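Inspection log for the structure reproduced underneath, given as C-alpha cells.
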Number of protein chains: 2
Amino acid sequence: MLAEDIKNYTVKQLEELAGEIRKNIVENVRGCGGHLASNLGAVELTLALHKVFDFPSDKLIFDVGHQSYVHKLLTGRDLSLLRQKGGVSGFPDPEESGYDPFVAGHSGTSIGLGIGYCAARDAAGRSEKVVCFVGDASLGNGTALESIFSSEQKPKNFVVVLNDNGMSIDKNNSAFFKAISKATAKKRYRKMNTFISRTFKETSAFGKYLRKVKYSVKGWLNKNYFFERCGFKYVGPVNGHDLSELCAVLENIRAIDEPVLLHAVTQKGRGYAAAEDDPARYHGVAKGFGGSENAFSAALGGIMLERAEKDERLVAVTAAMTDGVGLSEFAEKYPSRVYDAGICESFAVTMAAGMAKGGLRPVVCLYSTFLQRAYDQIVQDVCISSLPVIFCVDRAGLSGSDGKTHQGLFDLSLLRNIPNLSVYAPKDCREFAEIFDYAYAKGTPAAIRYPNGAAPELGGTCPVSEALWEVLSKGEETVVLACGARAVTRAMQAKKLAGADAEIVNCRTVKPLDEAYLRKVSKRRLISFEEGYAEGGFGSAVAEFYAREGIPVRLRILGADDVFVPHATAEEQAESLHLSAKDLAEALGKQE
Amino acid sequence: MLAEDIKNYTVKQLEELAGEIRKNIVENVRGCGGHLASNLGAVELTLALHKVFDFPSDKLIFDVGHQSYVHKLLTGRDLSLLRQKGGVSGFPDPEESGYDPFVAGHSGTSIGLGIGYCAARDAAGRSEKVVCFVGDASLGNGTALESIFSSEQKPKNFVVVLNDNGMSIDKNNSAFFKAISKATAKKRYRKMNTFISRTFKETSAFGKYLRKVKYSVKGWLNKNYFFERCGFKYVGPVNGHDLSELCAVLENIRAIDEPVLLHAVTQKGRGYAAAEDDPARYHGVAKGFGGSENAFSAALGGIMLERAEKDERLVAVTAAMTDGVGLSEFAEKYPSRVYDAGICESFAVTMAAGMAKGGLRPVVCLYSTFLQRAYDQIVQDVCISSLPVIFCVDRAGLSGSDGKTHQGLFDLSLLRNIPNLSVYAPKDCREFAEIFDYAYAKGTPAAIRYPNGAAPELGGTCPVSEALWEVLSKGEETVVLACGARAVTRAMQAKKLAGADAEIVNCRTVKPLDEAYLRKVSKRRLISFEEGYAEGGFGSAVAEFYAREGIPVRLRILGADDVFVPHATAEEQAESLHLSAKDLAEALGKQE
C-alpha cells in the first residue's frame, strides 16, 4: 500500500507521486463528479502526514471529509467508481477503511471528535497521535468553535492541521478568518516563511524553534493569540505545497507531545489550471466537470429575483451555499440582500429570526441535511414567536452520490412536529412558486422542501390554498397520497405501469394535511408515498390523523427504510429502498 | 411605569430602587422558585440600561433570559405569580410584553438575533439602538460564537453587554472565559477600574476616552483582541454594580453609533448573603429556596456511581448541567470522569462520539430541550457509525414552570427517526437502571428519556429485553399503550378512575416497538398515551407499524397538542393538554 511505501520515499519521489495523484484525481472526478479543487489543494499535506505519522495506529480525522481523496488513494482505495454505487464514498467512512476513524460530511466536528478520542486514549494509557485535518471555512462553524474554545488545556499528542486555502474569506465576511488571513498577507507570509526555514535549519530542538516562532509571531502579528489561548502551540504559517518543509515540520511536531496547531497555507485547485483560476467553480463538480442541474434550485433563483423587485423586504439567508441553492444571480443583482452566514446554520436561522422581527422577510435557503444543524433555532427563535421566515429546504429526499451524511430524509419528521410551522412539498417548480407566494402572503413560519436534480412539470390546475391537496389523476380504487415532486412523478408513472385505476393525489401541504380529502377517501385502500424516513414522516401524519379521528383505515406507508443510505444515484437509492415507480406499481397491483 | 420614571431618578434614587428590587426578587423567588443569583447580579446593569436607553423603541435582547426579572419589574410585570400558571414567565416573551422583542430560554442566540434585527432596522432606515444582554457562560455557546465571529463589521447602534459574573469559569475549563477572566483578575481589575474612572472624568469626548482605553487595554492585557477583531469597540471592564459608573459609560455608548461590547463584571447573588456565598446553589431554586426533587436524575447519579466502580470505561458528559442531571456526587467521587462541555451541546455529543471510538463508554446527560441543539451530531457523529453512546434525556415530557422554551416534547419524534438508535422510556427508576444496563450491554447508540419531579415505583416483574413491553395490568377491553413514567402512572390511575377492564401496557421500548404484542392486540381498541407531541411521536410509531403490516386498527393517539406550552406545573400543563389521568379515564369510558 502506498501509505506504507511512501515512508521510504525521498522528497523528490513524493513530489512525483503528488503529480500522479493529481492526475488520478482530475481523471476520476472528471469521470464521476466530486470535490476537485479542495483535494488538489490537499495533496502535499496529505502525503506529508502519511509519510510522518503511522496511520491507522495514529488517527487522521478529516473535517467535512470532502478533501480526503488523496488519503483514500494512499490507503488503497480506487477512485474509478468514486461516489458511484459500489465504489468508494466521497467522504471518510470506517466501514470503507480502517484508516478512517470517523464518518464525516458535515462541518466542524473533527476537533471535538479528536478531543474525545484523546480522552479515551489517555484514559487507556495509550499514546497514539491524533491528527485533525480541518479547512479554514469549517473552523468558523459553531461546533468547531465550541471545540476549539472548550479548554485552555488541549490533549497531548494532538495535532490540528489548519488547511487554510483562504476560500472562506471570499465566501463570507467572517471575522475569524480575516484575523487569520491578515497574518498570511503576501508580504508577511513570505517574510515569515523565510524566517521559519532559517530558524528551522539552525536548530534541531523543536522546543527552541517553537519558542522562537512563538515570540516572533506574537510580536509581529498577534494572530496566534486565538490558538495559544486555546491551548495549542501555534506553528506556521507554512507552505502547504512544499513537501520538504511540510515533512520536516511534521517530523518535529510528531517528536513532541504538546498539542499543536499547524497553520498551512494552500492553494485550492493546485496543479490544475482551470481549478486554480476558478476554485469556487471547481469546488464540487458533476461528471465532465459540469455543474449539476437542479431544477428547483434554479426555480428558487427565479422566484427570488422576481419577488425581490416587488417587495424590498425580501432577503435571502444562506450558509456558505449561495450557489448551491440557486442564488448566484440573485446575489449578483442584490448583493446587499443576500446574507451568507458561512457554515453556520444555527446563526443563519437565528439571524433570520432577528430580521423578521425587525421587518424584513427572510428566506433561509439550506440543504435538508444541513438544516438539522439548526433545529433548535427553528423551534425557539422562529416558531415560538411565529415569525415570518420561509425555509427553502433544498436536496430534500434522496440526494444521491454524497452518500450517508447528505441524505435529506429527516426533514419531514423533524419539521412537522413544530407548532406554528407550515410544511410544504411542491410537486414541480411551477407549484413551488405558487406555494412560495402563498406562504409569503400568509406571513407565518413555513418550510418548503424539494429534491435536487431534474423536475418535470406535472400540470394540474388546482390553485394552492390552505390544506388543499390536488387530485392529479382520478381513479376509483387505491388512493396514492404522494408527497413531494419525486413521489408524485413516480406515482403517475406507477399508475401507468400497473394499469391500475388508482387516484393519484399531490399532497403538497404536509402540515396542515387536507383533512377533508382524507375523510372523504377513508374507506378506500390508501398508500402514502414519500422520499423520507417512514418514521414520523408524511405517511405517519396521515396515520395519526385517522387515529385521532377514530377512523380505522387500510393505509400502507411507503417511505425510506430505517437505514443510512450510502452513495449511488438518487434513482438507485430509491430502488434499493423500494421507493421506485416500479415498487409502487407492484404495491398497487398487489392491493387491487 | 418604573421604566419611565427612573429616567429622572438620581443615582441615589436608583440605588434605593435597586435595594427594593432585590427584596422583591428574593421574596418572589422564595415564593415561586426561579432564578435567583443571576437576577440579583443583574440589578444595577438592568437599571442603568433602562435609565439610559429608550425601551421598547430601543430593543433589549436577553440571552437565555433567566436574568430578566429586573427588566420585568421595571416594565410593569408583577412577579408574585412568577412561573406559575397565569403569572409571568421566567423568560422574556413578546406575548407577555412589548418590552420583550424575542422569546428566550436557550443559550447563545441574543447576538445573532440582534445582528438580524439591526439588518432589518438599517434596511428600513431606522436607527433605534439594539442592546444584547449576555452572560459569560452563554458566550461560549456555538451559536453565540458563530454570531460573534460572523463578521468583522458589526452593525451600528449595536451594543452587547457582557455580564461577566465569572460563573462559567468555575463551571468549565473554557479557554474563552479564561482569556476574559485573566483580564479581570483582582489586582488588574482594580487598576483598570481606577484608570477608567480617571480617564472618564478627564474627558467628555467619548471617542477620545474609547481610544485611550483601547490602547491601554491592548497594551496591558490584549484581551480585547477577541472583540475588536470581531468588529466591536471593547469597553471595560466596568464595575457592574456601580450605578454611577454604569450610567455614565452607557450614556457615552448611547451617544455614539459604533458597535460596542461593554464588559461588566458583576457578582452573582449580589445583595443576598446566602446567594453571594454559594451562587451555584442559588442559580435556580425551587419554592422556599429548596432544590427540586427529581427522582430520575437522582437515580442516574446512583446508577453512574455503581457502574463506574465496575467499569472504568464509563464516563459522563454534560453541558453545564452536572448538578441538574444528578451527577454532583458522581463528579465529586470521579472528577476526572465527568466531562462538562459548558453550554455546548453539540461539542458534548461530538466529543462523546470521539470517546466512544477511542474505547470509553460515554453517557451524555442532557435535558430533552437542550438535546435539540445537538440533533445533527447525534445523527452523524454517533449513529451513522453506531457508536456506543448512551443519551440520558432528562426533563422529557412536560417540564413545568420554565415554560415554552423548556418543554421536553420533541425528543420522541426527533430520536425515533434515527437509524441505529434505540429509544427507551422507563416507567420508574428501578426500570431505568435495568434499561441502562441493558443498553450499556448492547453497546449501540441508545437514548433513555424520563421526566422531572417525583417518580413512584410501579412494581412489575418483567425483565427488560429487546422490544419487550410489560403488561402492568391485565384487562379484556381497551389496551392502553402507555409510554414513559408519567403516562404509565396515569394509565394505572385512569383504569381505577374509569373502573374499566383496560389492559395497561408499559411501552418502555419506543424503538424498537414490541411488534409481537402489537400484533396480538390488533383487534382490540387501542389508546396510545405519551407526554410528547403527537406529531411523529410514540403513538405515531404504533400507527406506522400497523400501516406497514397492513392491519387496520382502532387506535387513538393521546399526545400533546400542536402548541407551545406555557409555564405552569407539569400537572396543570397535562390537564390543559388533556393528558391527565382523568382525561384518559374519560377516553376509556367513552370507547367502551
**Complete:** In whole Hz, the Karplus estimates of ³J(HN,Hα) for segment B:448-457 (6.51, -1.76, 1.60; θ = phi - 60°; x where Gly or Pro) are 10, 10, 7, x, 7, x, 6, 8, x, 6
**Message:** Over 10 Å intervals from 0, what percent of Cα-Cα pairs in segment A:230-378 sits in each interval?
**Reply:** 10, 27, 25, 22, 13, 3, 0
**Asked** Among bridges DSSP assigns within segment B:470-591, what percent are antiparallel (round to 5)?
**Response** 15 percent
**Prompt:** Restricting to the protein assembly as shown, what percent of DSSP beta bridges are antiparallel, rounded to 5?
**Reply:** 10 percent
**Item:** Nearest-20 debye value, segment A:470-591 charge dipole, Cβ charges on Lys, Arg, Asp, Glu
**Value:** 500 debye
**Asked** Too long at a 29 Å Cα-Cα cut-off: which of A:Lys404/A:Lys511; A:Lys72/A:Lys333; A:Lys582/B:Lys357; A:Lys495/A:Lys520?
**Response** A:Lys72/A:Lys333; A:Lys582/B:Lys357
**Prompt:** Residue by residue, what Karplus-based ³J(HN,Hα) values in Hz, rounded to whole numbers, does segment B:345-360 have, using 6.51, -1.76 and 1.60 with θ = phi - 60° and x for Gly and Pro?
**Reply:** 4, 6, 4, 4, 6, 4, 4, 4, 4, x, 4, 5, 4, x, x, 7
**Request:** Have a look at A:Leu2, A:Ser422, A:Ala570 and report the one farthest towards the positive end of the charge dipole of chain A, computed about the Cα centre with Cβ charges (Lys/Arg +1, Asp/Glu -1).
**Result:** A:Leu2
**Message:** Give me P(r) over chain A, computed from all C-alpha to C-alpha distances, binned every 20 Å, as integer percentages.
**Reply:** 20, 48, 26, 5, 0
**Message:** Let me understand segment A:8-79 better: what is its radius of gyration from the alpha carbons, and its Dmax, in angstrom?
**Reply:** 11.9, 33
**Prompt:** Going toward the positive end of the dipole of segment B:473-592, with +1 on Lys and Arg Cβ and -1 on Asp and Glu Cβ, which of B:Gln493, B:Val521, B:Cys483 do you reach last?
**Reply:** B:Val521
**Separation between Cα centres of segment B:108-172 and segment B:261-288, rounded to whole Å** = 22 Å
**Item:** Student exercise, chain A dipole from Lys, Arg, Asp, Glu Cβ charges, in Debye to nearest 20
**Value:** 1720 debye
**Prompt:** Which loop GluC sites (Glu not before Pro) in segment B:416-495, with loop taken from DSSP, have no more than 10 other Cβ atoms within 10 angstrom of their Cβ?
**Reply:** B:Glu466, B:Glu476
**Prompt:** How many Cβ atoms of partner chains, on average, are near each residue of B:107-115 if near means within 10 Å of its Cβ?
**Reply:** 6
**Prompt:** Dipole magnitude of segment B:275-406 about its Cα centre, charges +1 at Lys/Arg Cβ and -1 at Asp/Glu Cβ only, in debye to the nearest 20?
**Reply:** 400 debye
**Request:** Tell me which residues come under 5 Å, amide H to amide H, from B:Leu558 once H is placed; ignore anything under 5 positions away on its chain.
**Result:** B:Ser528, B:Phe529, B:Glu530
**Asked** Amide H to amide H under 5 Å from A:Gly135: which residues, 5+ apart in sequence or cross-chain, H placed 1.01 Å off N in plane?
**Response** A:Asp63, A:Asn163
**Asked** What is the set of long-range amide H partners of B:Val510 at a cut-off below 5 Å, with H atoms built 1.01 Å from backbone N?
**Response** B:Val423, B:Tyr424, B:Ala425
**Message:** If I take the Cα coordinates of segment B:470-591 and project them onto the principal axes, what are the three extents in Å, biggest first?
**Reply:** 40, 31, 23
**Fill in**
At 4 °C and 1.567 mPa s, the Stokes-Einstein diffusion coefficient in µm²/s for the protein assembly as shown, with hydrodynamic radius from the Kirkwood sum on alpha carbon pairs, is 42 µm²/s
**Fill in**
Mean per-residue count of partner chain Cβ within 10 Å for B:135-144 equals 4
**Prompt:** Of the listed peptides B:388-401, B:267-280, A:342-355, B:11-24, what is their order by residue-averaged count of other C-beta atoms within 10 Å, with the highest listed first?
**Reply:** A:342-355, B:388-401, B:267-280, B:11-24
**Fill in**
HN-Hα couplings for segment B:516-531 via Karplus (6.51, -1.76, 1.60; θ = phi - 60°), in whole Hz with x for Gly/Pro, come out as 4, 5, 4, 5, 4, 9, 5, 7, 8, 5, 10, 10, 8, 9, 8, 9
**Request:** Mind checking B:87-96 for the average number of partner chain beta-carbons within 10 Å of each residue's beta-carbon?
**Result:** 1
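A short reminder: the numbers here are calculations on the coordinates, not readings from a lab. Keep in mind that what you see is a predicted model, and the values were worked out from it rather than measured. Backbone-built Cβ (ideal geometry, glycine too); neighbour counts: all protein chains shown.
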